[in-house]
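Colleague: Before I ask anything, let me first share the structure, which is written out below as C-alpha cells.
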Amino acid sequence: HFNPAVTLAALLCHRSSDMPEFKWYTAVLYAIAQLLGAGGAGLYMLAVVGFDFPVPNTANEPAAVFRGFFAESVFTFVLASVVMHVALSSQRQNDFYGFAIGMAVMSAALCVGGISGGAFNPAVATGLIVIKCFAGLRCEAMIHLWMYWAAELVGALVAVVLFNSVTAALGDAGVKAEPTTDSNAGAAAAAAREGSTDLSEKQKDESTKSVAAANATGDTDEREMTPAKPTAPATAAPPKSPVGPKIRPMPTTGESATKPQGKTPHTGGASPPSGRATPSKPSSAPPSPAPDKPQTLSASSSKPEPKTPEKDMDEDDDATR
C-alpha cells in the first residue's frame, strides 16, 4: 500500500474469502502514511536537487488537461487491477506479484510519462507539488493537483467494478469473507479445515452405509432372480452298431454242400465256439458203423432250440465284444 488509489481499490474489492477483512480506518491510516512519505520524498528532493526539482504537471490548456486526466486514469486502472489480481484474489499465492506490479508501473511511465508527468499516485503528486510550492515558492503545478486525485480515483473505482464483476462470474474470489481480525484468522482457518474434515467423514460414513444397503439388496435380488441351474441331460448310450448277416463260406465239395446255412443245433458235448462258423471239411474216411445201442438224447438236445432274430443279434453282439 504505497498508493491511496490502490488502497481504495483494496478496501472496496471482494478479496479472497480466506483473507481478513480490510477495515476502513486501516485504509485511512494507510493514506496518511502515504502522504507523509511523499512529503518526506519532496524534502529529500529539495535538499539534493534544489528548488527546481521536477514535479508531475501538464500544460495549462483544456486539451492537455484532458489528455493528462485520461492517461492517468487508464494506467491507474491498470495498476489497481494488477494489484487486486496478484495480491488480493484467490490466485495470490504466487511468486511474481512484485514483478507484475513493478512492470505495470514501468510500462505506464514509459507510455504516458511525457503527457501527464507519470504520477499514477495521488500521494506522490501531492507530496512533491506541495513541498515545491511552499518551500521554493514555485506553485504553477498546484493548479492541476486536483487532476491527479480525480483521475486516479476514477481509474481505481472502474478497476474495482470490473474486478468484482469478473470474479463473481467466474467464482474466483467468492463472496466477501466474514469479518475476522488478524489475531483469530488462524483459528478461523483451522476451524474451517476441521469442519471440512468432519463433513468429509460424515459423507464417507453415509456412502459406506448406502453401499452396504445396496449390496444387501443386490444379494437378495440375486438369490431371487437367479434361476435354478439346469441339470445336465443324461448321456444316452451310444447306439449298438448293427451287425449284418453272417456271411458264411460256400461249401465246396462233399456232404457239407447239402447242409443248410446257419448254425447247427447244439447236440450236447462241448459248446460250439461263438462267433463265425468255420466251414466243415469233407471227410475222406467212411462213415463209422452205428453203435449197438442207440444213444439216448435228452429232451433239450432232441429238439433243437428255435432261433429268433433277437437272440441271434445278442449272440452276435457277444461275439463282437
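The values are calculated or read from the model by the stated rules, or taken from the named source; none is laboratory data. All figures in this text were calculated on a predicted structure; none of them were measured in a lab. All Cβ positions, glycine included, derive from the backbone under ideal geometry; neighbour counts span all protein chains shown. Areas reflect the complete protein model, heavy atoms only, side chains present, ligands, DNA and RNA absent. Shrake-Rupley method; radii C 1.70, N 1.55, O 1.52, S 1.80 Å.
Colleague: Contact list please: Cβ distance under 6 Å, first residue in region 131-150 and closer than 12 Å to residue 46 by Cα, second residue assigned to a loop (DSSP other than H, G, I, E, B) and modelled with pLDDT under 95, pairs at least six apart or on different chains.
Modeller: These pairs meet every condition: 132/55; 132/138; 133/139; 136/51.
Colleague: From 147, 106, 142, which residue is modelled with pLDDT of 90 or more and either open to solvent by 80 Å² or more (accessible area, probe 1.4 Å) or of a type in the set (Asp, Glu) (or both)?
Modeller: 106
Colleague: Which of the residues that make up region 4-23 are part of a helix (DSSP H, G or I) and either surrounded by 21 or more Cβ atoms within 10 Å (Cβ to Cβ) or on the phi > 0 side of the Ramachandran plot (or both)?
Modeller: 4, 5, 6, 7, 8, 9, 10
Colleague: What is the one condition in (1) closer than 22 Å to residue 159 by Cβ; (2) part of a loop (DSSP other than H, G, I, E, B) that residue 50 does not satisfy?
Modeller: (1)
Colleague: Where the second residue is among the aromatic types (Phe, Trp, Tyr) and part of a helix (DSSP H, G or I) and the first is open to solvent by less than 20 Å² (accessible area, probe 1.4 Å) and lies in region 66-85, which pairs have Cβ atoms under 6 Å and are six or more apart or on separate chains?
Modeller: 84/163
Colleague: Please go through (1) under 23 Å from residue 31 (Cβ atoms); (2) assigned to a helix (DSSP H, G or I); (3) open to solvent by 10 Å² or more (accessible area, probe 1.4 Å) for residue 125 and return the number of the only condition it doesn't satisfy.
Modeller: (3)
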